[in-house]
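K.L.:
Mind looking over this structure? Questions follow.
The values are calculated or read from the model by the stated rules, or taken from the named source; none is laboratory data. The structure displayed is predicted, hence computed values, not measured ones. Using ideal geometry, Cβ is built from the backbone for each residue, glycine included, and neighbour counts are taken over all protein chains shown.
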Amino acid sequence: MKRALLALALIAAPFAVILVALGHGPLAVPAGDLLRALAGGGTAEAELALSLRLPRIVTALLVGGGVAGAGAAFQIIFRNPLVAPDLLGVSAGAGFGAAAAIVAGLGMLVVQGAAFAGGLAAAGLALLCARLARGGDPRLSLVLCGIVTGALASALLALMLFIAEPYAQLPALTYWLLGSFSRATAGELWIAAAPIASGLALLLALGFRLDLLALGDEQARSLGLNAPAFRRAAIAGATLSTSAAVAISGVIGWIGLLAPHGARLIVGSRANLLLPASIWLGALFALIVDRLSLAFGPAEVPAGLLAAGVGAPLFLVLFVSTSRSGR
Amino acid sequence: MSGLVARGLVVGRGGFRAGPFDLALAPSALVAVIGPNGSGKTSLLKTLAGLLAPLAGMVEVPGTPAYLPPPGSIAAEFSVLHLVALGRAAKRGWSPRLVAEDREAARIALAQAGIATLADAVFSRLSSGQQQLVLIARLIVQEAPVCLLDEPTAMLDPAQTARIDRLVETLAASGRIVVVSTHRLDFAARCGFVVTVGDPPRVGTPAEILRPDTLAGLYGGAATSCPACGQVSVVNSDA
């Protein structure tokens, strides 16, 4: 009963946060006007608030849901609750891609495209290395290769920071790396929306097969599943979604680690429940972080910074309470 | 369902090998695989399951064989009912979810295994004996024509051991080919065939294999047979 109430509250929460986020700020709009504007006929103020604030809210929803779904899938198939969605070096790869584009003086759209390509390239390299290192536990090889490509991409990113022009490029680069949901305009959102949606759709389509992968390769194969092929599909979905999220928002950590943990407490470990619940919680968490980033005076606090600042203590609370209740 | 055939099958990995094995097993066969620790029983079972590639020879198995590792090897945070229902994964084609029919089959199998009350328990919090019963219930819903069980009663108490022995015999009686690796010679004596993983490997009926001379050669100790019951046991030659 208590759990059902909590679930109901969490299902309703994003809608409430969205209404607050749309209506508050220098241009305050009542909720009723906003709802009418969303339905297609509101006041000019409400229309303006929507056009200004909606892209940012959609970005937060996409990024939060995207990395949380990817994190849940990775935690399931690697049987490791500490695994984050950038396990295969995606964040560092995307960071390098974006940095290279900023240093080359290219526009925001290209920066996001380069980040996406960099993330995919890092994950692809990790997968390729793991394929070369045959024998042994394939999951362990993947984690090790992810650490290697992540370190390589981090070194290249540091090189970009080193050679960046210090007065315009370096601040832009640093700000990009800190993460924000405010970058995309409505017209640019598709860059992230399409890959995130297709990555998550692929993961959801795998369904209970993720549970089989969680049992290990031998058990999965004994139950008739082509484990390596399905693991590659799951990694592809999670990587696509994570890369696109990093491309549009910069490096925003913790959501992909935290949301699946919270979701597991509420719905348990079955992929068919855990994935949607993680996506929902991740989207909610990102929305809240985005609201908080605007709450501290006129200057916006980077969302990546807040996500870690809120996420790390929250994770600790979750961890302590779950280990006490023995779950 | 057709039979399991192995010809000149050599198994092993990483420089270690065992064999060659020649097997021809018909449906309902119950086979015990015996041999010292490290002799290659697990490698033989995993090769028959298709999880290890044969080093030489051939093996033909009908359908997808099911391999069960020793008790306590599988970690899963799922409910018992879900874990058993996952045994029917292969029947779901491309659908992302299991259906009510799968859960119903799982309930029936849990009842058969005598653990219907555990349906909602979390698998990882059960004792290793209960976990083993759950996994055997999964073999029942999986309908795999070949079941390969790796020391299914290792570390279990006598009562759980007896329950699992009975279920394993039921699996074979339902038409499956059941191959069990074991150190329990009393269980081997109840099987249709016994395979020794030694040098050379031998295949025969319990009466042919479970003899003091064969066992002494296999385990490297002295073997005696009980004058009253005829059961063979191995005693350490150093004693």
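K.L.:
In the range A:1-23, what residues are at pLDDT below 75 and surrounded by 13 or more Cβ atoms within 10 Å (Cβ to Cβ)?
P.N.:
A:Leu22, A:Gly23
Results for (1) outside any loop (DSSP other than H, G, I, E, B); (2) crowded, with 18+ Cβ neighbours inside 10 Å, shown as yes or no for each residue.
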| position | (1), (2) |
| --- | --- |
| A:Glu45 | yes, no |
| A:Ala60 | yes, yes |
| A:Gly64 | yes, yes |
| A:Val67 | yes, yes |
| A:Ala73 | yes, yes |
| A:Leu88 | no, yes |
| A:Ala100 | yes, yes |
| A:Gly105 | no, no |
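K.L.:
Same structure, new question: Quick check: anything in the range B:22-33 of a type in the set (S, T, N, Q), more than 9 Å from every other protein chain (Cβ to nearest Cβ) and under 24 Å from B:Gln130 (Cα atoms)?
P.N.:
no
K.L.:
Could you identify the single residue in B:Ala56, B:Ala105, B:Ala75, B:Ala85 that is in contact (Cβ under 8 Å) with a residue 24 or more places away in the chain and under 30 Å from B:Leu210 (Cα atoms)?
P.N.:
After ruling out the rest, the residue left standing is B:Ala56.
K.L.:
Applying the selection to the range B:63-82, what residues are more than 8 Å from every other protein chain (Cβ to nearest Cβ) and over 20 Å from A:Ala271 (Cβ atoms)?
P.N.:
Answer for the range B:63-82, where residues must be more than 8 Å from every other protein chain (Cβ to nearest Cβ) and over 20 Å from A:Ala271 (Cβ atoms): B:Gly63, B:Pro70, B:Pro71, B:Gly72, B:Ser73.
K.L.:
In the range B:83-95, is there at least one residue being in contact with a Lys or Arg (Cβ under 6 Å, 6 or more places away or on another chain), facing chain A (nearest Cβ under 9 Å) and either on the phi > 0 side of the Ramachandran plot or not acidic (Asp, Glu) (or both)?
P.N.:
Yes; the residues of the range B:83-95 include at least one that is in contact with a Lys or Arg (Cβ under 6 Å, 6 or more places away or on another chain), facing chain A (nearest Cβ under 9 Å) and either on the phi > 0 side of the Ramachandran plot or not acidic (Asp, Glu) (or both).
K.L.:
Consider B:Ser39 against the criteria (1) within 28 Å of B:Gly192 (Cβ to Cβ); (2) within 12 Å of chain A (Cβ to nearest Cβ); (3) of a type in the set (Ser, Thr, Tyr): it satisfies all of them except one. Which criterion is unmet?
P.N.:
Failing condition for B:Ser39: (2).
K.L.:
Also, I was wondering about something else. For the range B:191-201, state whether one or more residues are in a helix (DSSP H, G or I), not assigned by TED's automatic domain parsing to the domain that holds B:Phe123 and not charged (D, E, K, R).
P.N.:
no
K.L.:
Can you find even one residue in the range B:118-127 that is in the same structural domain as B:Glu60 (by TED's automatic domain parsing), within 21 Å of B:Leu83 (Cα to Cα), among the hydroxyl-bearing types (Ser, Thr, Tyr) and out of contact with any Cys (no Cβ under 8 Å at 6 or more places or on another chain)?
P.N.:
Taking every residue of the range B:118-127 in turn, none turns out to be in the same structural domain as B:Glu60 (by TED's automatic domain parsing), within 21 Å of B:Leu83 (Cα to Cα), among the hydroxyl-bearing types (Ser, Thr, Tyr) and out of contact with any Cys (no Cβ under 8 Å at 6 or more places or on another chain).
K.L.:
If I ask for residues that are surrounded by 13 or more Cβ atoms within 10 Å (Cβ to Cβ) and either farther than 23 Å from A:Ala238 by Cα or in contact with a strand residue (DSSP E or B) (Cβ under 7 Å, 6 or more places away or on another chain) (or both), which ones from the range A:166-181 would you list?
P.N.:
Result: A:Gln169, A:Leu170, A:Ala172, A:Leu173, A:Thr174, A:Tyr175.
K.L.:
Among the residues of the range B:162-175, write down those that are in contact with a helix residue (DSSP H, G or I) (Cβ under 8 Å, 6 or more places away or on another chain) and crowded, with 17+ Cβ neighbours inside 10 Å.
P.N.:
Across the range B:162-175, the qualifying residues are B:Arg163, B:Ile164, B:Asp165, B:Leu167, B:Val168, B:Leu171.
K.L.:
Moving to a separate point now. Restricting attention to the range A:235-268, and to residues there that are crowded, with 22+ Cβ neighbours inside 10 Å and within 14 Å of chain B (Cβ to nearest Cβ), which single residue is nearest to A:Pro138 (Cα to Cα)?
P.N.:
Ranking the qualifying residues of the range A:235-268, first place goes to A:Gly237.
K.L.:
Here is a list: B:Leu9, B:Leu23. Which entry is over 21 Å from A:Glu218 (Cα atoms) and of a type in the set (A, V, I, L, M)?
P.N.:
B:Leu23
K.L.:
Would you mind finding the one in B:Val180, B:Val168 that is β-branched (Val, Ile, Thr) and in a helix (DSSP H, G or I)?
P.N.:
Sole residue among the options that is β-branched (Val, Ile, Thr) and in a helix (DSSP H, G or I): B:Val168.
K.L.:
Kindly indicate whether A:Leu240 is in contact (Cβ under 8 Å) with a residue 12 or more places away in the chain, closer than 28 Å to A:Leu178 by Cα and of a type in the set (A, V, I, L, M, F, W, C).
P.N.:
Yes, satisfied.
K.L.:
Residues in the range B:112-128: is at least one under 20 Å from the mean Cα position of the chain (by Cα), buried (at least 19 other Cβ atoms within 10 Å of the Cβ) and not in a loop (DSSP other than H, G, I, E, B)?
P.N.:
Within the range B:112-128, none of the residues are under 20 Å from the mean Cα position of the chain (by Cα), buried (at least 19 other Cβ atoms within 10 Å of the Cβ) and not in a loop (DSSP other than H, G, I, E, B).
K.L.:
If we scan the range B:84-102, do we find a residue that is among the aromatic types (Phe, Trp, Tyr), buried (at least 16 other Cβ atoms within 10 Å of the Cβ) and either under 17 Å from A:Gly224 (Cα atoms) or outside the structural domain of B:Val11 (by TED's automatic domain parsing) (or both)?
P.N.:
No, the conditions are met nowhere in the range B:84-102.
K.L.:
Right, another one. Just to be sure before I move on: is A:Gly187 at negative phi and modelled with pLDDT of 85 or more in the structure I sent?
P.N.:
Here the answer is no, as A:Gly187 does not meet what is asked.
K.L.:
Would you confirm, using the coordinates I've provided, whether A:Ala220 is within 13 Å of chain B (Cβ to nearest Cβ), among the hydrophobic types (A, V, I, L, M, F, W, C) and either surrounded by fewer than 20 Cβ atoms within 10 Å (Cβ to Cβ) or within 23 Å of A:Gly118 (Cα to Cα) (or both)?
P.N.:
no
K.L.:
Could you figure out which of (1) within 19 Å of B:Ile34 (Cβ to Cβ); (2) out of contact with any helix residue (DSSP H, G or I) (no Cβ under 8 Å at 6 or more places or on another chain) isn't true of B:Cys191?
P.N.:
Every condition holds for B:Cys191 apart from (2).
K.L.:
Of the residues that make up the range A:149-162, is at least one in a loop (DSSP other than H, G, I, E, B) and more than 23 Å from A:Ser241 (Cβ to Cβ)?
P.N.:
no
K.L.:
Within the range B:129-161, work out how many residues are within 14 Å of chain A (Cβ to nearest Cβ), surrounded by fewer than 22 Cβ atoms within 10 Å (Cβ to Cβ) and in a helix (DSSP H, G or I).
P.N.:
0
K.L.:
How do the pairs read when you match residues in the range A:183-194 that are in contact (Cβ under 8 Å) with a residue 40 or more places away in the chain with residues anywhere that are among the basic types (Lys, Arg) and buried (at least 18 other Cβ atoms within 10 Å of the Cβ), using Cβ under 9 Å and keeping only pairs 6 or more apart or on different chains?
P.N.:
A:Arg183/A:Arg56; A:Ala184/A:Arg56
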